[in-house]
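*Asks:* Would you mind keeping the following structure in view while I ask a few things?
Quick note: the coordinates plus some simple rules give every number you see, no bench work behind them. Just so it is clear, the structure is predicted and the values come from calculations on it, not from any experiment. Positions of Cβ are backbone-derived with ideal geometry, glycine not excepted, and every protein chain shown enters the neighbour counts.
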Amino acid sequence: MSARAVRHVSLGMLLSVALLPTRADSQSRHVFVNGIQLPDSQLLALEQVSRIRIPDAAYWYDRVSGAWGFSGGPTVGFTLAGLDLGGPLRADASNGTTAVFINGRQLPVQDVLALQQLLGAVYAGRYWVDAQGNAGLEGGPPLINLVAVARARAAQGYGGGAYSAYTRSGGMFGSDGNGCLVYADKDVSYSSSGC
């Protein structure tokens, strides 16, 4: 092989290596929302806006209400509604078995118990809840505002009840039932302004 041919092959090899994706160009994080992996660029933007590191995990997110949780689990908290994150919310996102659906997601027992603490009886059916706490039967008008009910109960001295749970990834979340929410794992910890 001539020197010119070797230079041509070497240049071609260098160009092909240079065009391969680098670690920075490939997915380095593993955050899934409603079954879809978020691109690192979108994850970085979310973390910059929220000022927290989002742990690698699989989550569900309700775009209508802003509710979120770990895939297969109950509601962990609320964030901004209307974010374009992941795929559509699935009925089985929380592995619920209660026949109580909110915005298409079947609630697990823990979510129904939380609603019962707030409202009393909770009946099987299909409901909607928006980001302001307005709620009603699917396709119908608002019947109640959950935020107003929670505030009224708090003013009367009824706390929502303390709870804590561990996540599949080894994290812990909990609440004192009066507005303090906490989350912690090996990488990050968060507490709400109510603590």
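*Asks:* Going by how many other beta carbons lie within 10 Å of each one, how would you line up 59, 123, fewest first?
*Replies:* By the 10 Å Cβ count, ascending, the order reads 123, 59.
*Asks:* What FRET efficiency comes out for the pair residue 79/residue 154, r = Cβ-Cβ distance, R0 = 25 Å, nearest 0.05?
*Replies:* Efficiency, rounded to the nearest 0.05: 0.75.
*Asks:* Subtracting the Cα-Cα distance from 0.36 nm times the residue separation, let me have the gained length for residue 138 to residue 64 in nm, one decimal.
*Replies:* Between residue 138 and residue 64, full extension yields an extra 25.4 nm.
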